[in-house]
């Protein structure tokens, strides 16, 4: 019996508050050695787009085994009136191997990415943080705000947003103000996000740094979830140097893909040893923030363990609430 | 829209005759460089079983993109009254990346493995072959007979079978005789399969050679589809040495996994250069059998391209015949 969950089913079952707990647990189990994130498989030629096959397993209490298949086809909107990114998550029963849940994966991807930032905020941002500055007003960015909101345990009061597209920024403002009841201010430049904010989130498609690292004020926490290629980055070497906490969703993954860390390493500004995984802080293996003046950086490139955790969460909730359609294969 | 195809749907749509054509095309496109078989991902600990994630893509006219997720949990029958091997195939639209078909994969696995042997028989067995000897009477073995039957274009007349379990052999005899209308003889020893047979198929769970290679008569074609670990094999070094055609489903895959070739290579009996892919013969890059006295060996370890091809076949037929259930995710 396979539980089939549509986009609407997933939306009705998945909350950021829950996702944050599951993603935190995934990071914890990774550090404890109870979770495995195999190198994902990328398929392109002879297809006109990219497919990523991302399986993973998380032991411990969660006991989750799942694979996300996500495709990125840039021609889709124009040529087929379809989204660029399409995804599904196949959840297996860890005890039998049977696929027991198949669900739309687009919201899962956005929520798990927001949850990663949320976990980083919980462990790395100053406890008195109330203000967020966010680069990009796109779909991913909106879930980032939710992640920060729950990472701060609802203490977020204000969000400043910068996006080159005015209309997208207006949509963002309306959506976030109505959903979270916080004040949103649209700024005229990216640098406007750097003052009077406690947390900065970068969620753009940029491949070059978004701001000068020397303009960031002490005590700021920064989360970057865009840019995931060795030669691309959203953060410059200055801010990586200034930060005293340089954290990765998963260190191994960032050392394979994140220019934000790889470029400063290649420049000799930091070494691999200066980077830790967020799971190291969650498990107490490494201290987190120790003063209000520290700058902390969190970089996440997106790993299957996040999808596995959130896919399991959606599946668990679907069973609890009797949502979705059962198919006997 | 996703077409969901149950085990019964797949059984009603999939014929060995079709599968043979699709698997042959997959092998051809692999040699032409239009198909890609990424290294499959294996997930075990902390699960009590093995999951293999096997994506692949085939260009050309077939244009197929799919992933098989197959699990092997040895405790399933005893502990959960479930099959050891469970599988599903997710078929994507190669033009948009969208998952458009999800189907049970157990029959696909058995049929594509039979089809691989069938393709080898078509290209490597003597044209006047009429008799098969097969090691094992299990589920896989039965589909092997179907593969040989169609590979010989229905000229198979007789099948000799050896299995340690008498009851399984009887079931095999009844099933094959009624399905294919050929004569089945149950033998008392493995060596009985070696005389008066044109084709030998090894489809066992053995990890050591099934017979002495010097007992095989000239002109025989041998296909081995069991044993798929570097230290395991169904064929001994003598037969590999005696064969003048040493063929792989995919050379790269056999050099990674097939002890049948890897052990003789390590012994210095053959070199990597003595092995060719079946696609090299299909495309005419290499000659096939050139005399009736040659011994030919085909070794297949199972590659995603076979599942991708047969998954696409089932999906295509389902659309043509209006079979299955559409789900709007």
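Step by step: first the residues of segment A:242-269, then only those that are surrounded by fewer than 18 Cβ atoms within 10 Å (Cβ to Cβ) and closer than 19 Å to residue A:221 by Cβ, then the one that is nearest to the chain's Cα centre (by Cα). Which residue is that?
A:244
Being assigned to a strand (DSSP E or B) and away from chain A (no Cβ under 14 Å) narrows it down to one of B:301, B:297, B:310, so name that one.
B:297
Scan B:260, B:280 and give me the residue that is assigned by TED's automatic domain parsing to the domain that holds residue B:128, free of Cβ contacts under 8 Å to residues at least 40 places away in the same chain and in a helix (DSSP H, G or I).
B:260
For residue A:144, state whether it is surrounded by fewer than 24 Cβ atoms within 10 Å (Cβ to Cβ) and within 10 Å of the chain's Cα centre (by Cα).
For residue A:144, the condition - surrounded by fewer than 24 Cβ atoms within 10 Å (Cβ to Cβ) and within 10 Å of the chain's Cα centre (by Cα) - is not met.
Checking the conditions here, which among A:107, A:65, A:132, A:124 is farther than 30 Å from residue B:72 by Cβ, within 14 Å of another protein chain (Cβ to nearest Cβ) and under 20 Å from the mean Cα position of the chain (by Cα)?
Testing whether each residue is farther than 30 Å from residue B:72 by Cβ, within 14 Å of another protein chain (Cβ to nearest Cβ) and under 20 Å from the mean Cα position of the chain (by Cα) leaves just A:107.
Just the residues that are facing chain B (nearest Cβ under 10 Å) and within 21 Å of the chain's Cα centre (by Cα), please, taken from segment A:9-23.
A:10
Of the residues in segment A:73-98, how many are touching a strand residue (DSSP E or B) at 6+ places or on another chain (Cβ under 7 Å) and more than 7 Å from every other protein chain (Cβ to nearest Cβ)?
Within segment A:73-98, residues that are touching a strand residue (DSSP E or B) at 6+ places or on another chain (Cβ under 7 Å) and more than 7 Å from every other protein chain (Cβ to nearest Cβ) number 6.
For segment B:29-59, which positions are within 7 Å of chain A (Cβ to nearest Cβ), under 20 Å from the mean Cα position of the chain (by Cα) and within 13 Å of residue B:71 (Cα to Cα)?
B:41, B:51, B:53
Quick check, is residue A:94 under 17 Å from residue A:62 (Cβ atoms) and surrounded by 20 or more Cβ atoms within 10 Å (Cβ to Cβ)?
Considered against the rule, which asks whether it is under 17 Å from residue A:62 (Cβ atoms) and surrounded by 20 or more Cβ atoms within 10 Å (Cβ to Cβ), residue A:94 comes out as yes.
Checking the condition buried (at least 21 other Cβ atoms within 10 Å of the Cβ), without any contact (Cβ under 8 Å) to a residue 60 or more places away in the chain and at negative phi, which residue from A:208, A:239, A:225 passes?
Exactly one residue qualifies, and that residue is A:239.
Does residue A:26 satisfy the criteria of being part of a strand (DSSP E or B), more than 9 Å from chain B (Cβ to nearest Cβ), crowded, with 22+ Cβ neighbours inside 10 Å and in contact with a strand residue (DSSP E or B) (Cβ under 8 Å, 6 or more places away or on another chain)?
When the stated conditions are applied, residue A:26 does not pass them.
The values are calculated or read from the model by the stated rules, or taken from the named source; none is laboratory data. Keep in mind the model is a prediction, meaning the values are calculated, not measured. Because the Cβ atoms are built from the backbone with ideal geometry, glycine has one as well, and the counts that use them run over all protein chains shown.
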